[in-house]
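Q: Before I ask anything, let me first share the structure, which is written out below as structure tokens.
The numbers here are math on the coordinates, done by the rules we state, and not lab data. Keep in mind the model is a prediction, meaning the values are calculated, not measured. Ideal geometry is used to build each Cβ from the backbone, glycine not excepted, and the neighbour counts take in all protein chains shown.
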Amino acid sequence: MKNISKKIIFITGSSSGIGFHLAKSFLSCGNEVILCSKNIRKLKRASKSLNNCFYVKADLTSEKQIKSAIGKIKSKFKRIDFLICNYGSSHFKKNNFDFNYAFNNNFFPTVNIIKYVLPIMKNNYSKIICISSICGIEVIKNAPIGYAVAKSALNSFVKSFSFFLSNKNISINIIAPGNILFKKSTWEKKIKKNKFKINKFLKDNVPLKKFGTAQNIFNMCKYLFSDQSFSTGATYVIDGGQTRTFN
């Protein structure tokens, strides 16, 4: 997978959590990584810990700010090779029945980012990965309804848009994680609150009886960005077997 080094990789939602882990991992492979978040304090801290890598501050619910951020990247690097759309919000109360919030945070940011990144992507080897969720694949008990519908729409968008991008020799795929445990995640908080309850949840719902990790997500990204990948418009589920749908 030597072709994933020395690339310019733009990762949204990358000042913490899964996005930060992806940034750190791709940076360690010898790539140029661009961070993005609306929280400048977190961005500066993340950048400092990653050898002062370049970052752009942007609220991705604002198309104007997205356009401005991509303009800064173009001025600095001239191009983007790989894009990972990782931004999203799973906040239950905001996402459950507020469909405007759900789509403005889990669908349109990705669509608009891709819209403004495409003109500076070099054809023939550029690749896009969108981080979605198993909630967009089948009904997951207690998942926010608006969130699930928005992620389902995102999955459909990627599948449909992949045919258009194929004419530009650009691939686009989805990674749909299940329960991913990382530092300061919602799951970490739930474990601290009631470890027995969470272990029972895993035993009853996840065949592998454990959480996934940010490293699992990175491993799949690394494969999809490599020349070994023969895939576009596909959804890769990383959930320990939780979903029951026939794909």
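Q: I need the full set of residues from region 72-113 which are under 15 Å from residue 19 (Cβ atoms) and crowded, with 20+ Cβ neighbours inside 10 Å, in order please.
A: Of all residues in region 72-113, those under 15 Å from residue 19 (Cβ atoms) come to 82-90, 105-106, 109-110, 113.
82, 83, 84, 85, 86, 87, 88, 105, 106, 109, 110, 113, listed by residue number.
Q: Say we look at region 117-161 and pick out the residues that are of a type in the set (Ser, Thr, Tyr) and under 17 Å from the mean Cα position of the chain (by Cα); which of these is nearest to residue 95 (Cα to Cα)? Let's see the steps before the verdict.
A: Let us first name the residues in region 117-161 that are of a type in the set (Ser, Thr, Tyr), namely 125-126, 132-133, 147, 152, 156, 160.
Checking which are under 17 Å from the mean Cα position of the chain (by Cα) leaves us with 126, 132-133, 147, 152, 156.
Numbers: 126: 32, 132: 15, 133: 14, 147: 5, 152: 14, 156: 19 Å.
The extreme case among them is 147.
Q: Please verify whether region 190-212 includes one or more residues that are surrounded by 19 or more Cβ atoms within 10 Å (Cβ to Cβ) and either under 17 Å from the mean Cα position of the chain (by Cα) or closer than 26 Å to residue 96 by Cβ (or both).
A: Just the residues of region 190-212 that are surrounded by 19 or more Cβ atoms within 10 Å (Cβ to Cβ), to begin with: 211-212.
Now restrict to residues that are either under 17 Å from the mean Cα position of the chain (by Cα) or closer than 26 Å to residue 96 by Cβ (or both): 211-212.
Scanning region 190-212, I find at least one residue that is surrounded by 19 or more Cβ atoms within 10 Å (Cβ to Cβ) and either under 17 Å from the mean Cα position of the chain (by Cα) or closer than 26 Å to residue 96 by Cβ (or both), so the answer is yes.
Q: I've got another one for you. Every residue in region 184-219 that is without any contact (Cβ under 8 Å) to a residue 40 or more places away in the chain and assigned to a loop (DSSP other than H, G, I, E, B), please.
A: Matches in region 184-219: 194, 206, 207, 208, 209, 210, 211, 213.
Q: Sticking with this structure for a sec: Would you check if residue 126 is over 30 Å from residue 199 (Cβ atoms), crowded, with 22+ Cβ neighbours inside 10 Å and among the small types (Gly, Ala, Ser)?
A: Yes.
Q: Just to check your reading of the model, which residue among 160, 152 is polar (S, T, N, Q), part of a helix (DSSP H, G or I), surrounded by fewer than 16 Cβ atoms within 10 Å (Cβ to Cβ) and out of contact with any Ser or Thr (no Cβ under 7 Å at 6 or more places or on another chain)? It would help to see each step written out before you state the result.
A: On the way: 152 fails: surrounded by fewer than 16 Cβ atoms within 10 Å (Cβ to Cβ).
Only one candidate passes the filter, namely 160.
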